[in-house]
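The values are calculated or read from the model by the stated rules, or taken from the named source; none is laboratory data. Not measured: the values here are computed from a predicted model. Note that we place each Cβ from the backbone using ideal geometry, even for glycine, and neighbour counts take in every protein chain shown.
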There are 2 protein chains.
Amino acid sequence: MTTGSPASAALIALDWGTSSLRAYRLDARGNTLDTRHLPWGIMRLPQPLQDGAASTALSGFDLAFEQACGDWLRAEPALPVIACGMVGSAQGWKEAAYLDVPVDLERIGTLLTKVERGTATPVHIVPGLIQRHGLPNVMRGEETQVFGVMFDQARTSDPHAADSVLIGLPGTHSKWVNARRGRVTHFDTFMTGEVYAALRGHTILGRTMSEAPAADMAAFERGLKVAGAPAGRAGVLSTIFSTRALGLTGELPSASQADYLSGLLIGHEVAALAEMLRQQGEPPRIVLCGEPALCQRYILAMQHYGLGTPEQAQNATERGLWHLAVCAGLVAAETPSSASV
Amino acid sequence: MTTGSPASAALIALDWGTSSLRAYRLDARGNTLDTRHLPWGIMRLPQPLQDGAASTALSGFDLAFEQACGDWLRAEPALPVIACGMVGSAQGWKEAAYLDVPVDLERIGTLLTKVERGTATPVHIVPGLIQRHGLPNVMRGEETQVFGVMFDQARTSDPHAADSVLIGLPGTHSKWVNARRGRVTHFDTFMTGEVYAALRGHTILGRTMSEAPAADMAAFERGLKVAGAPAGRAGVLSTIFSTRALGLTGELPSASQADYLSGLLIGHEVAALAEMLRQQGEPPRIVLCGEPALCQRYILAMQHYGLGTPEQAQNATERGLWHLAVCAGLVAAETPSSASV
């Protein structure tokens, strides 16, 4: 797509998290013209030059921003810029307030936090969401994916499609977001991905694991089932030790132990979710959104724990950033081409 | 106790784990004459000298052993030596077989693994226990503590004292051991201590924690209660995130977050245990055995989850090593003085 005379754009959209930065150049219909993936998450920014000229020095955020979209803005200096994710946290470029749940999604777009950049175009940061009832809970970035899923679903032909939905966002911190008619009503967080990495990298469980040439989905499913079996009733603090014990008894090869552990953790997450949904009555429609191989694991778990096969949403982050920019008046609303959905 | 002419000993007993080594010098009644605590766990042994004389070089195990009790043995070369713990693992001095549960405790003492040391006195290593029904489970070292608790309790005046008991051994890997009339029938493992360290040291939860001047037991009890409350029904993978979220909402100071997390994890462990006991019918007598400050946390958890106040056992490891040595015929049985119980 990048040519000497690129197609005209309408918006630059940034998905700026803890460990990476994705930049999207979108046209006036919200279609993606260009994508860049950079390693400059907010916890690993490029280092500013130490030349003593502190007053003019660029920050790590400025440097990463320049690499992500500096040339796009030089070509079209008036392009608006929107960003979501941890870039709006206390450790980010500028702190963007949390909005309280329940919240209407369209309200998110009216409450962007502006990073001024002198005479250059400012960056508009999307607020996170906070839930204060029960145990408090927070998200930053996932609200944009939820917006993308909900907005695109609202215009499908099925009149019930947007009524009540549970959106699953598996990852380092999995989020399960209840939404109804464009309104986020509740969400839960599970630290499954980060706990998996910590157990594998920093406990005795990792000591007996070896690299597998490919994913061992049989070991994954074995772990998955333990979480809901009588043998798993002591909970995840107990079942994880079976990763080691099954190795010591010769029942689980080293190369299968990581996938077994993954199955245990995702199994405990989805089993708990299924139990909560059972107590709430009729199960909602479920949409899953995330990295395809990880979603595949969650689909297996959901099928095993009686939640059926969820739908899967594509490109939710860039769709969400686009629709939020429309709500904010940064770009003019226009009916997107069907190819963009 | 160490004098120029020390009292005569009957046994050297070693509690040799992953991260440390405790040595006990016991008299003919099983009373402790001397104790040493060395940092030479099997994963951090002293380094052998690299002098090229490989055939005569001492191993890290030899060096640690010499520091622990070399002088005791030079003074009394015929003293028998018994050791328990990870020193008998595949990564230990010599691998000692696991015995299958259910197992009579006295049988453990008849199946010691001998480390020959040339003409010097050998070291007798206590076997671990393995449970093959349900999810497999293993222990090394705790079987000796259980033996110590059970043996001393069997001679108390209460005729029911030794009938059926649940022995709790909180620590890096907590063990809960069901025993009945001198027989270990079942045990569970919870990786609570190691998970706590991994979460604190290697996830985002540790980032917002600060050192506390003293334990914040109110924060601990708050976490404890969440585990069994409706807000905790999503399970530990979910509730742990509240450590961070409560910080972000200003409801939990940095210095209280570590104790809150400790309460959550111990709460989930004890809540699961209490639920399993409820399903089994009448709750057994419970004896707790471990580091006093940690036991205090478990006592609070057990009181909260309806398990009452457990008894506490003292010096279980050295008592167990002594009684195992008696069973093995390494030392002659003799009625211990009441001061030793």
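Here are some notes:
- Some residue of the range B:164-182 being in contact with a Lys or Arg (Cβ under 6 Å, 6 or more places away or on another chain), within 25 Å of residue B:281 (Cβ to Cβ) and of a type in the set (Ser, Thr, Tyr): yes
- Only one entry in A:64, A:57 is surrounded by fewer than 15 Cβ atoms within 10 Å (Cβ to Cβ) and of a type outside the set (Phe, Trp, Tyr), namely A:57.
- For first residues located in the range B:95-114 and without any contact (Cβ under 8 Å) to a residue 24 or more places away in the chain, partners that are outside any helix (DSSP H, G or I) and among the polar types (S, T, N, Q) and lie 6+ apart or on another chain with Cβ distances below 8 Å form the pairs B:95/B:89; B:95/B:113.
- Taking the numbered list (1) buried (at least 21 other Cβ atoms within 10 Å of the Cβ); (2) under 23 Å from residue A:181 (Cα atoms) in turn, residue A:123 passes all entries but (2).
- Summed over the range A:98-115, the residues that are assigned to a helix (DSSP H, G or I) and surrounded by fewer than 20 Cβ atoms within 10 Å (Cβ to Cβ) give a count of 2.
- Of all the listed residues (B:293, B:301, B:333, B:339), the sole one being surrounded by fewer than 20 Cβ atoms within 10 Å (Cβ to Cβ) and modelled with pLDDT of 95 or more is B:293.
- Members of the range A:195-240 found to be within 7 Å of chain B (Cβ to nearest Cβ), within 25 Å of residue B:186 (Cα to Cα), of a type outside the set (Gly, Ala, Ser) and free of Cβ contacts under 8 Å to residues at least 24 places away in the same chain, listed by number: A:203, A:233, A:237
- Members of the range B:164-175 found to be away from every other protein chain (no Cβ under 14 Å) and either part of a loop (DSSP other than H, G, I, E, B) or over 26 Å from residue A:205 (Cα atoms) (or both), listed by number: B:164, B:165
- Condition broken by residue A:327, with the remaining ones in (1) more than 14 Å from every other protein chain (Cβ to nearest Cβ); (2) surrounded by 22 or more Cβ atoms within 10 Å (Cβ to Cβ); (3) not acidic (Asp, Glu) satisfied: (2)
- Of all residues in the range A:89-126 being touching a Cys at 6+ places or on another chain (Cβ under 6 Å) and modelled with pLDDT under 95, the one that is farthest from the other protein chains (Cβ to nearest Cβ): A:106
- Per-region count, the range A:176-194, residues buried (at least 24 other Cβ atoms within 10 Å of the Cβ), assigned to a strand (DSSP E or B) and free of Cβ contacts under 8 Å to residues at least 60 places away in the same chain: 2
- Within the range A:132-146, residues that are within 10 Å of chain B (Cβ to nearest Cβ) sit with their Cβ atoms under 6 Å from residues that are surrounded by fewer than 21 Cβ atoms within 10 Å (Cβ to Cβ) and not aliphatic (A, V, I, L, M), at 6+ positions apart or across chains, in these pairs: A:136/B:249.
- Selection status of residue B:314, within 26 Å of residue B:23 (Cα to Cα), surrounded by fewer than 22 Cβ atoms within 10 Å (Cβ to Cβ) and at pLDDT below 95: yes
- Residues that are assigned to a loop (DSSP other than H, G, I, E, B) and polar (S, T, N, Q) do not occur anywhere in the range B:66-75.
- Being touching an Asp or Glu at 6+ places or on another chain (Cβ under 9 Å), of a type outside the set (S, T, N, Q) and modelled with pLDDT of 95 or more is true of residue B:273.
- Search result, residues across the range A:303-324 that are away from every other protein chain (no Cβ under 14 Å), on the phi < 0 side of the Ramachandran plot and out of contact with any strand residue (DSSP E or B) (no Cβ under 7 Å at 6 or more places or on another chain): A:303, A:304, A:309, A:314, A:316, A:319, A:320, A:323
- Residues within the range A:229-258 that are over 11 Å from residue A:205 (Cβ atoms), of a type in the set (A, V, I, L, M) and under 28 Å from the mean Cα position of the chain (by Cα), tallied: 2
- Residues satisfying the stated conditions in the range A:78-88, i.e. assigned to a loop (DSSP other than H, G, I, E, B) and crowded, with 21+ Cβ neighbours inside 10 Å: A:85
- Hits in the range A:241-280 - residues which are buried (at least 24 other Cβ atoms within 10 Å of the Cβ), over 23 Å from residue B:241 (Cα atoms) and facing chain B (nearest Cβ under 9 Å): A:242, A:244
- Test for residue A:129: is it more than 10 Å from chain B (Cβ to nearest Cβ), part of a loop (DSSP other than H, G, I, E, B), under 22 Å from residue A:95 (Cα atoms) and not basic (Lys, Arg): no
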